[in-house]
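Each value in this text was obtained by applying a stated rule to the coordinates, not by laboratory testing. Bear in mind that the values here come from a model prediction, so they are computed numbers and not experimental data. Counting neighbours? That spans all protein chains shown, and the Cβs are built from the backbone with ideal geometry, glycine included.
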Amino acid sequence: MYAVLNALVVLFFAIAVIGVVSTLRKQNRRYRTDMKLPILTLEGTVVNKRAHLGNTQNSTTTEYFVTFEFPDASRLELCVTPTESGQLVVGDYGTVSWSGSTLRGFQRQLLR
């Protein structure tokens, strides 16, 4: 009885660890690819924010995204850190720097 219970606990733990490692590897791969791309910079406005909740084999992940609109009315959704998501507010205007799908920086302009 205890052997079966111990085996189930070990199996559950192994599945959780594999899920977390898999998610971290995927995010790391995207980040490394984005960091090799050239940095682009434009003036833009924050028009939307969202979070994507995902499940990977007994673990939950959250990815944060912010959508920027540029003067030519084009829009771009970028992946951001939880901290960046918390600091950006819909309506913020400033200089957006990014590479690939990752925000590299946002310099808010207080007066327009």
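For the range 14-36 and the range 60-112, what is the centre-to-centre distance using only Cα atoms, to the nearest Å?
22 Å
Taking θ = phi - 60°, what integer Hz values does the Karplus form 6.51 cos²θ - 1.76 cosθ + 1.60 yield along the range 73-85, in sequence order, with x for Gly and Pro?
Karplus values, whole Hz, x for Gly and Pro: 6, 7, 10, 9, 9, 10, 7, 10, 6, x, 5, 4, 4.
Can you give the local net charge around Lys36? Use residues other than it whose beta-carbon is closer than 14 angstrom to its beta-carbon, Lys and Arg +1, Asp and Glu -1.
+3
Along the charge dipole of the range 33-100, which of Tyr64, Val89, Ser74 sits closest to the positive end, that is, farthest toward it, with unit charges on the beta carbon of Lys, Arg, Asp and Glu (+1, +1, -1, -1)?
In the range 33-100, that residue is Tyr64.
Taking Rh as the Kirkwood radius computed over C-alpha pairs, what is the Stokes-Einstein D of the chain at 10 °C in a medium of viscosity 1.306 mPa s, expressed in µm² per second?
98 µm²/s
Lys/Arg Cβ at +1, Asp/Glu Cβ at -1, dipole of the chain taken about the Cα centre: which of Leu11, Ala51, Gly100 is farthest positive-ward?
Leu11
Tell me, what HN-Hα J-couplings in whole Hz come from the Karplus equation 6.51 cos²θ - 1.76 cosθ + 1.60 at θ = phi - 60° for each residue of the range 61-69, using x for Gly and Pro?
10, 10, 10, 10, 9, 10, 9, 10, 10
In Å³ and rounded to a whole number, note down the convex hull volume per residue for the Cα atoms of the range 61-112.
Cα convex hull per residue, to the nearest whole number: 85 Å³.
What number, rounded to the nearest 500 deg cm²/dmol, is the helix-based mean residue ellipticity at 222 nm of the chain, given -39500 (n - 2.57) per DSSP H run of at least four residues and division by all its residues?
-12500 deg cm²/dmol
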